[in-house]
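Written out below as structure tokens is the structure these notes cover.
The values are calculated or read from the model by the stated rules, or taken from the named source; none is laboratory data. Note that the structure is a prediction, hence the values are computed from the model and not measured. Every residue, glycine as well, gets a Cβ built from its backbone with ideal geometry; the counts of neighbours run over all protein chains shown.
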């Protein structure tokens with residue numbers, strides 16, 4: 001059995017020997033927390049907008065053109081991240097989420113590092129992301145990993161756009 005303190009990063013569903021449920025539970029937690037932080041809390045997944053419910057119900061279909069990375073601790077899925085397909089040499093990081101019980105252990109940094117390696121291997125010139133301004137811990141992580149604030153490509157208020165060359 002794998003040491004529960006050890007976390008591995010795998011591509012889902014291709015290489016995920018464990019984590020058969022994939023990212024659905026983590027995506028649900030991500031979207032529910034984000035709605036609450038935006039002041040639009042909902043009681044459960046059924047209250048989320050359709051596009052988010054679709055991600056949770058069938059991530060393999062919704063992210064079919066993208067790369068989904070999972071962080072596994074033993075048989076448990078403890079983190080996820082989506083790297084979108086490249087457009088004009090840029091790919092985007094979306095849905096980075098770590099199980100709160102595993103925060104502070106380098107899981108998110110490991111997922112972003114794997115995303116950067118994937119981008120480099122795929123010939124992507126830049127990796128970008130957007131993050132809510134109130135997520136200061138995430139912003140600090142991205143800055144430590146070389147991302148810098150850039151001109152926004154998203155019109156939503158309080159959303160910060162960042163980019164890093166690969």
Only residues in region 35-52 that are in contact (Cβ under 8 Å) with a residue 40 or more places away in the chain count as the first member; pair them with residues that are part of a loop (DSSP other than H, G, I, E, B) and surrounded by 14 or more Cβ atoms within 10 Å (Cβ to Cβ), Cβ under 8 angstrom, at least 6 apart or cross-chain, and list the lot.
37/135
Which count do you get for residues in region 121-144 that are more than 15 Å from the chain's Cα centre (by Cα), over 18 Å from residue 84 (Cα atoms) and without any contact (Cβ under 8 Å) to a residue 40 or more places away in the chain?
5
List pairs: first in region 11-32 and under 11 Å from residue 99 (Cα atoms), second at pLDDT below 80 and surrounded by 15 or more Cβ atoms within 10 Å (Cβ to Cβ), Cβ under 7 Å, 6+ apart or cross-chain?
none
Do we have any residue at all in region 27-44 that's in contact with a helix residue (DSSP H, G or I) (Cβ under 6 Å, 6 or more places away or on another chain), in a strand (DSSP E or B) and modelled with pLDDT of 95 or more?
no
Note: among 93, 67, just one is within 20 Å of residue 164 (Cβ to Cβ), in contact with a helix residue (DSSP H, G or I) (Cβ under 6 Å, 6 or more places away or on another chain) and touching a residue at least 40 places away in the same chain (Cβ under 8 Å), namely 67
Condition check for residue 126: crowded, with 16+ Cβ neighbours inside 10 Å, touching a helix residue (DSSP H, G or I) at 6+ places or on another chain (Cβ under 9 Å) and over 30 Å from residue 6 (Cβ atoms):
yes
Within region 87-98, which residues are buried (at least 18 other Cβ atoms within 10 Å of the Cβ) and over 11 Å from the mean Cα position of the chain (by Cα)?
91
Unmet requirement for residue 66, which otherwise passes all of (1) under 22 Å from residue 146 (Cα atoms); (2) at pLDDT 95 or above
(1)
